[in-house]
Amino acid sequence: MAGDIETIAELRELYRAAEARAARLRLLSTSGRELLQAEADSIGPILKKTADRLALFLGSRSASLMRDKDTPGFPIVLPGRGAAVHATLLVAGFSSIDDIRDPEDRETCQTLLDMMGAAIDRADREGALASLLSDLQDRERRLEELVGRIFSAQEDERRRVAYELHDGVAQSATALVRMLERLGDRSNAGSDGDSSVRAIGIARGLVKELRGVIAGLRPTVLDDLGFIAALHALGDALEEDGYNVSREIDDDFGRLPGYVETALYRVAQEAVSNIRKHAGGPCDVLMEANSGARHTGPILRITDHGCGSARDRPDRGTVNEGYQIGIAGMTERMAVIGGSLDWTVGSHGGVIVEAGLPRERQ
């Protein structure tokens, strides 16, 4: 009979030990899962819930988390920061972790405290990172607005100069052509006829150059219809000069912010200008505009099959001043709006100008 009683007592002891181990495991697994999911904005309630759960496990009435490092209680130490106490967990009835009599309960409590410290450290780091990211995004927005204002100011000044040239110098030059034409009609049969014809030709050339300058300063098609229409206008002008222009433009290439369209147009304008100067005469030209909807951001590519002189080639190490200024201007324009510019010599011998934007600029 005594043996049976001893066996029953042992079974009860084993059962209580098993229940205690199960309770410890449940405490760590449940709290660990919640702490792992905690974020910067939710760490507080989860820590409070974990503290209450630990108090119940220890048979206490309540628990609270204090930032006061000198308060007696259960210290919470952040990982990787030495032995510095970050906060203190106060559990009613316990002045320190050594007051927990059962060593396994004490070890479980210390493990949970370490998990809380790791969760606090991660949440603090994520919060700091989120704050930094927010500051960077705000700074980027302000920089974008500043860039937009700078570009707008530049283009407004160009527009003002274009209007003044159109309303002032161009009108005066046109009037001069008309006067010279009338004088030429009167002196057609005299010795001054040839001089009048030459003067008329010079005046007409002046008017044409002025109109070209006005159109280059600020094309109205860019304001009215956007970048793609302005790109077609550049291609049409090349065709009028004898170039064979092919175009590959995505149908879904929509409107972009004004300063982005202006930057892309200025790149295309400079590329076309360099074709006229350095390609060696009319040649095949390919204009491409990829919306980037399926790949990267919007891409502009202009390729000529010209035969400019070797000294003008940008891959020979003897790039002339005209190329240097053009490349620098295009590169700076694209860099300011977060884009990129590539300028290379193709296998066909012509020049390839490619301007790209990141996807978020679409």
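So how much slack lies between residue 129 and residue 71, counting 0.36 nm per residue of separation and subtracting their Cα-Cα distance, in nm? Before the final figure, lay out the partial values.
Working: separation 58, 0.36 × 58 = 20.88 nm, distance 3.01 nm.
Result: 17.9 nm gained on full extension.
For residue 284, list long-range residues whose amide hydrogen, built 1.01 Å from N in the peptide plane, is under 5 Å from its own amide hydrogen.
244, 305
Could you pull out every residue, at least 5 positions away or on a different chain, whose amide H is within less than 5 Å of the one on residue 78? Hs are placed 1.01 Å off N in the peptide plane, and Pro or chain starts have none.
Answer set, sorted by chain and number: 86.
Using the basic label-point model (7 angstrom from Cα toward the beta carbon), what is the residue 181 to residue 237 distance in nanometres?
Reported label-point gap for residue 181 and residue 237 is 2.4 nm.
Using a simple spin-label model with points 7 Å from Cα along the Cα→Cβ vector, what separation in nm is obtained for residue 284 and residue 248?
1.2
Quick check: residue separation of residue 336 and residue 150 times 0.36 nm, minus the Cα distance between them. What number comes out in nm?
On the way: separation 186, 0.36 × 186 = 66.96 nm, distance 1.03 nm.
Net length gain for the segment: 65.9 nm.
Of all accessible surface on the stretch 230-271 at a 1.4 Å probe, what whole percent is carbon and sulfur?
Details: 730 of 1810 Å².
Here carbon and sulfur together make up 40 percent of the probe-accessible area.
The values are calculated or read from the model by the stated rules, or taken from the named source; none is laboratory data. Since this is a predicted model, take the numbers as computed values, not measurements. Note: ideal-geometry Cβ built from the backbone for every residue, glycine included; neighbour counts use all protein chains shown. Keep in mind that these areas ignore ligands, DNA and RNA; they rest on the heavy atoms of the full protein, side chains included. Shrake-Rupley method; radii C 1.70, N 1.55, O 1.52, S 1.80 Å.
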